[in-house]
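Undergrad: This is the structure, below, for whatever I ask next.
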Amino acid sequence: MADTIPEHYTTEFSENWQPRAQQTSSRLSEFVDWKTHNGERKRFDRTAAQTSRRKNERKAATLAVNPTLDFRWISRYTLELVNDLDEDDDENLGELILPTGRWTKDHLSAYARDMDDVVCSAALGTVLTGEDGETQTAFSATYQIAAGGTGLTVAKLQLANGILVDADLEGAELSSDGKPNASGRVIVCTAQQITNLLTDPQVTSSDYNTVKALVAGTVDTYMGFTFRINKRLTKASTTRSCVAWAKGAMISSKGRMTSRIATIHTQSDAIQVRSTWRLGAARLHD
């Protein structure tokens with residue numbers, strides 16, 4: 001007769017809810033200029049570079065030059081995350097809905113991911129321009145590098161480096177030791193692009209990369225870029241849109257995150273956990 005497990009054997013459960021693997025903090029905040037403002041949107045006024053002229057005449061009439069001005073806008077929108085529980089669930093599910101419980105912490109993690117997603121979307125999307133913010137200006141193809149049927153390569157990083165340096169963005173240039181200056185440069189990609197680079201001998205060789213990427217199993221910095229992962233970047237078919245910028249190029253505005261736990265009397269005293277936050281971002285420079 002086969003041995004069986006008696007039905008009276010007990011089952012033990014963990015005391016606390018454990019989060020599934022997820023990004024819990026912002027990975028891009030250090031590379032973004034965070035702005036504060038009241039109201040729905042804010043205008044940023046820009047002036048173009050001016051060029052002097054050589055003075056060749058004595059007592060000549062003054063020639064005034066009108067500087068070129070333009071405007072970029074940042075607007076915010078509201079995001080929310082809501083969970084509902086039956087009135088008995090506060091006992092049946094333990095500490096899940098406490099202010100310091102698992103769901104509230106999960107909402108904070110969602111807020112952090114939204115911060116990164118809003119910035120990446122604004123980096124590649126349209127920006128509001130014009131004196132009244134009524135013009136939508138697309139991201140110029142001049143600053144885009146075609147996929148060309150391949151993943152991320154050293155050649156593409158070289159092109160990206162050239163675009164940033166040529167744009168005269170403060171923070172785009174490298175210091176004398178080949179590292180990014182204090183302003184910082186970042187490239188946002190997914191794990192697949194890191195894998196693409198690890199197959200390139202120029203990255204894995206210590207002659208080219210002092211990071212010794214293969215020893216660490218990943219690429220952290222290379223060619224002046226700091227690599228940050230965001231697996232939610234836009235993907236069309238087999239083409240992933242990655243983005244690189246120097247600090248100062250991206251601005252973002254975030255409102256305070258608010259979380260509330262309430263009893264809804266019209267739904268049999270169901271318990272609701274609701275969090276809201278306001279976020280917005282824009283390209284200040286292309």
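The values are calculated or read from the model by the stated rules, or taken from the named source; none is laboratory data. Keep in mind that what you see is a predicted model, and the values were worked out from it rather than measured. Heads up, the Cβs are rebuilt from the backbone with ideal geometry, glycines too, and the neighbour counts pull from every protein chain shown. Ligands, DNA and RNA are stripped out before the accessible areas are found, and what is left, the full protein with its side chains, is counted by its heavy atoms. Shrake-Rupley method; radii C 1.70, N 1.55, O 1.52, S 1.80 Å.
Undergrad: What about residue 70, is it at pLDDT 90 or above, of a type in the set (D, E, K, R) and over 24 Å from residue 255 (Cβ atoms)?
TA: yes
Undergrad: Sticking with this one: For region 32-76, give me the residue count where each residue is within 28 Å of the chain's Cα centre (by Cα) and among the β-branched types (Val, Ile, Thr).
TA: Residues that pass the stated criteria total 4.
Undergrad: Is there a residue being of a type in the set (Asp, Glu), modelled with pLDDT of 90 or more, surrounded by 12 or more Cβ atoms within 10 Å (Cβ to Cβ) and in a strand (DSSP E or B) anywhere in region 75-84?
TA: No, every residue in region 75-84 fails to be of a type in the set (Asp, Glu), modelled with pLDDT of 90 or more, surrounded by 12 or more Cβ atoms within 10 Å (Cβ to Cβ) and in a strand (DSSP E or B).
Undergrad: So, one more: When residue 38 is evaluated against the numbered criteria (1) part of a loop (DSSP other than H, G, I, E, B); (2) farther than 30 Å from residue 286 by Cβ; (3) modelled with pLDDT under 90, which criterion, by number, is the only one it fails?
TA: Of (1) part of a loop (DSSP other than H, G, I, E, B); (2) farther than 30 Å from residue 286 by Cβ; (3) modelled with pLDDT under 90, only one is false for residue 38: (2).
Undergrad: While we're looking at this one, here's another question. Taking only region 130-159 into account, find how many residues are in contact with a strand residue (DSSP E or B) (Cβ under 7 Å, 6 or more places away or on another chain) and open to solvent by 20 Å² or more (accessible area, probe 1.4 Å).
TA: Result for region 130-159: 7.
Undergrad: Yes or no: residue 283 on the phi < 0 side of the Ramachandran plot, at pLDDT 85 or above and open to solvent by 50 Å² or more (accessible area, probe 1.4 Å)?
TA: So residue 283 fails the test.
Undergrad: A further question follows. For residues in region 44-74 being assigned to a strand (DSSP E or B) and among the hydrophobic types (A, V, I, L, M, F, W, C), which is nearest to residue 108 (Cα to Cα)?
TA: Result: 74.
Undergrad: While we're looking at this one, here's another question. Within the set of pairs 6 or more residues apart or between chains, which connect a residue that is more than 17 Å from residue 186 (Cβ to Cβ) inside region 150-165 to a residue that is open to solvent by less than 50 Å² (accessible area, probe 1.4 Å) and charged (D, E, K, R) with Cβ atoms less than 7 Å apart?
TA: Close Cβ pairs satisfying both conditions: 153/200; 154/200.
Undergrad: Taking the conditions exactly as written (in contact with a helix residue (DSSP H, G or I) (Cβ under 7 Å, 6 or more places away or on another chain), more than 24 Å from residue 110 (Cα to Cα) and at pLDDT 75 or above), does residue 219 satisfy them or not?
TA: no
Undergrad: What are the pairs with Cβ atoms under 8 angstrom where one residue, in region 113-133, is of a type in the set (Phe, Trp, Tyr) and the other, located anywhere, is surrounded by 18 or more Cβ atoms within 10 Å (Cβ to Cβ)? Sequence gap at least six, or different chains.
TA: If the second residue must be surrounded by 18 or more Cβ atoms within 10 Å (Cβ to Cβ), no pairs are left.
Undergrad: Still on this structure, I have one more. Residue under question is residue 43, and the condition is that it be more than 23 Å from residue 274 (Cα to Cα), open to solvent by 60 Å² or more (accessible area, probe 1.4 Å) and at pLDDT 90 or above; does it hold?
TA: Against the criterion (more than 23 Å from residue 274 (Cα to Cα), open to solvent by 60 Å² or more (accessible area, probe 1.4 Å) and at pLDDT 90 or above), residue 43 qualifies.
Undergrad: Name the residue that is farthest from residue 32 (Cα to Cα), counting only residues in region 101-129 that are of a type in the set (Val, Ile, Thr) and surrounded by 17 or more Cβ atoms within 10 Å (Cβ to Cβ).
TA: 104
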